[in-house]
Amino acid sequence: MKKIAVLFPGIGYHCDKPLLYFAGKFFKEAGYEVVQLKFSGFPINVKGNEEKMKQSFEIVKKQTMETLNIINFDAYDKIVFVSKSIGTVAAAWYEKTLNKNKQQNEKTYTHISQIYMTPLAETYKYVTSENGIIFTGTKDPWVEHEEILRLTKEAKLDKVVIEEANHSLETKDVLKNIEILSEVVKKIEKYR
């Protein structure tokens, strides 16, 4: 069985940071080919600036398309997109784009699983599959927590809410952060 996991980073949360680093290792250990995206060229001071956020969404979509269009996803039996923050927008958008292009010819990619870590509200505009899970923290300053819970429920995605966790799914307690990381990796096993 041929399997691929694609890691979609955030603006400042790259694939070498704990959540994506260990998710990547976890999938590699299970025999997946792992592809790490790298995004660049973002405007500065994005948070809270609607225009800069829109620019950033377009940047990740464009760079995702440029990087992933060389991959023949038809060759894979199992596809997993693991994404963080603005990368969740790119992951959901790319799955929707793949399926839109595929529908013109044949059946859609029903074997894509989505793992959204600290998704943004924008992500839910593109969510097309119920085969996924979100991880969110109650102290994430990038989102309205109740809005994310409502959107997740409407999208019928599994969810893990981490109390007191910020946008990196971390708290002020280092040992608690290690427990959170372990919990996240255990929860994504279902999608492996």
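Details
- Taken as Cα centroids, segment 138-192 and segment 1-69 sit 18 Å apart, rounded to the nearest whole angstrom.
- Reachable lysines from LYS47, criterion Cα separation under 17 angstrom, eight or more residues apart if same chain: LYS84, LYS139
- In percent, rounded to a whole number, the relative contact order of the chain is 19, using alpha-carbon pairs under 8 Å and six or more apart.
- Charge context of LYS176, other residues only, Cβ under 13 angstrom, K/R +1, D/E -1: -4
- Electrostatic dipole magnitude of the chain [Cβ: Lys, Arg +1; Asp, Glu -1; Cα centre; debye, to 20]: 420 debye
- Annotation: aspartates and glutamates with alpha-carbon distance below 20 angstrom to LYS159 (same-chain offsets under eight excluded): GLU95, GLU122, GLU130, ASP140, GLU144, GLU146, GLU147, GLU170, GLU179, GLU183, GLU189.
- Its alpha carbons considered, the chain gives a radius of gyration followed by a Dmax of 15.7, 51 Å.
- With 24 Å as the limit, the listed pairs LYS17/LYS186; LYS2/LYS186; LYS125/LYS176; LYS54/LYS78 have LYS125/LYS176; LYS54/LYS78 beyond it between alpha carbons.
Read-outs: derived from the displayed coordinates by stated rules, not from any lab. Because the structure is a prediction, the values reported are computed rather than measured. Ideal geometry is used to build each Cβ from the backbone, glycine not excepted, and the neighbour counts take in all protein chains shown.
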